[in-house]
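For reference, the structure is listed below as structure tokens.
Here, each number is a calculation from the coordinates, and none is a lab measurement. Just so it is clear, the structure is predicted and the values come from calculations on it, not from any experiment. Here the Cβ positions follow ideal geometry from the backbone for every residue, glycine too, while neighbour counts run over all protein chains shown.
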Amino acid sequence: MTERKHIPYGRQNISEQDIAAVERVLRHPFITQGAEIDNFEDRLSSWCTCTHTVAVSSGTAALHLAYMALGVGPGDIVWTTPNSFVATANAALYCGADVDFVDIDPETRCLCPTALEEKLAIAEKAGRLPKLVVPVHFGGHCCDMPVIAALAADYGFHVVEDGAHSMGATYSDEKGDVVAFGSCRHSDMAITSFHPVKIITTGEGGAVMTNNELYDRRLRQLRSHGVTRDQEHMELQDQGGWYYEQVGLGFNYRITDIQCVLGSSQIERLPAFLARRRALAARYDALLDNLPLKKPIVLPGHESAWHLYVVEVDPERRRSVFDALRRANVGVNVHYIPIHLQPHYRRLGFSEGQFPVSERYYAGALSLPLFPDLDESEQDYVAEQLAGALE
Ligand SMILES: *Cc1c(COP(=O)(O)O)cnc(C)c1O
């Protein structure tokens, strides 16, 4: 067999159009805090069909600011799922809040609405209801947002969607209307990430979407040190043209014009990225048809953004299959090690056995390469190697 070059599990696609756009900004007098940030935010709002978008330096910063804009702080409880990147839970710890988890649905690997409902009933009796629940649209497949929103109304918690995987995903609501991820039809805010392995990239970067003007204002202040230049929101009146006020404690979570112009160029290419990811996912479905593994599913009414294509193999063999594929230069990966089993979270009191569906899923999970530039022959090779490793 000929030596194969390494096939990663995910990779950005940068076109000449993207490069030309970045070059244009580099020649511009403003390379940060110029017009490209507003332009990118407007494009994100129109794609997502929300009224406000605040672009920031990373998806993690977006989570932190979204939680802060809701006033999450010490004494509050934030729930998410164990099957996410650690950032989803860490952002709650940054706020000084307590974290707890809700187990996943074994088919979608997203937060399980039934588990949420059961845990809420118990938490209500104990007087330990969450202030915020953060569903994670795992792999690009949206959670059951209409049900989560109904529970939020019943129990009075906030909802922030972690859509780091789901730019471009859609689902249909109770009435059958198509809802875009980021529309915040069923949440207070939604965040996404523009890390290079995600659906579109700005290098590092993230955004918070919302339809709430107050959250938008708080997010903008928090993004830049808690400072406002808007006279309407200052305590002292008309001190002079130089004057600004720090009205709270914020951060430097700003994104640059260089990054945003890349993001604007990438968003134009989003339909093509999504079509390619969907075609490759369908092709994996066919290629892996007779193998002893569990394939990802898409529920009726949903269109996944297909950030990840995760199969589940026999947990006894996962390690040897992983090693065989890596030896064959196939960059398989595992998403995710349950957050509650990380040493930092074990030290907060979590332990094995608490979220059995997430733990069982993790034991067999294997993410196969999936990105727009993956070509058919590489994909055939991945499937062959996987079949060989499972023999
Ligand atoms: C990537 C990711 C994040 C964090 O995004 P960054 O831009 O890397 O900070 C948060 N949540 C999930 C589910 C992610 O996959």
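Structure data summary
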{"read-out": "Hits in region 122-180 - residues which are away from the ligand (no atom under 16 Å from the Cβ), out of contact with any Gly (no Cβ under 9 Å at 6 or more places or on another chain) and more than 21 Å from residue 77 (Cα to Cα)", "value": "144, 146, 174, 175, 177, 179"}
{"read-out": "Scope region 190-217; condition near the ligand (Cβ under 9 Å from one of its atoms) and surrounded by 23 or more Cβ atoms within 10 Å (Cβ to Cβ); matching residues", "value": "191, 192, 193, 194, 198, 205, 206"}
{"read-out": "Any strands (runs of 3 or more DSSP E) falling wholly within region 1-118 and containing at least 3 residues that are within 16 Å of the ligand (Cβ to nearest atom)", "value": "52-56, 77-80"}
{"read-out": "Condition broken by residue 318, with the remaining ones in (1) part of a helix (DSSP H, G or I); (2) touching a residue at least 60 places away in the same chain (Cβ under 8 Å) satisfied", "value": "(2)"}
{"read-out": "Filter result (touching a residue at least 60 places away in the same chain (Cβ under 8 Å) and surrounded by 23 or more Cβ atoms within 10 Å (Cβ to Cβ)) within region 113-134", "value": "132, 134"}
{"read-out": "Within region 343-391, considering residues that are assigned to a loop (DSSP other than H, G, I, E, B) and charged (D, E, K, R), the one surrounded by the fewest Cβ atoms within 10 Å (Cβ to Cβ)", "value": "391"}
{"read-out": "Every residue from region 1-38 that is polar (S, T, N, Q), closer than 29 Å to residue 169 by Cα and in contact with a helix residue (DSSP H, G or I) (Cβ under 6 Å, 6 or more places away or on another chain)", "value": "17"}
{"read-out": "Residue in region 279-288 that is under 21 Å from the mean Cα position of the chain (by Cα) and either over 16 Å from residue 371 (Cα atoms) or within 16 Å of the ligand (Cβ to nearest atom) (or both) present", "value": "no"}
{"read-out": "Matching residues in region 65-75 - criterion: being in contact with a helix residue (DSSP H, G or I) (Cβ under 8 Å, 6 or more places away or on another chain) and either free of Cβ contacts under 8 Å to residues at least 60 places away in the same chain or crowded, with 24+ Cβ neighbours inside 10 Å (or both)", "value": "65, 66, 67, 69, 72"}
{"read-out": "Residue tally, condition more than 19 Å from the chain's Cα centre (by Cα), within 16 Å of residue 349 (Cβ to Cβ) and surrounded by fewer than 18 Cβ atoms within 10 Å (Cβ to Cβ), over region 76-97", "value": "0"}
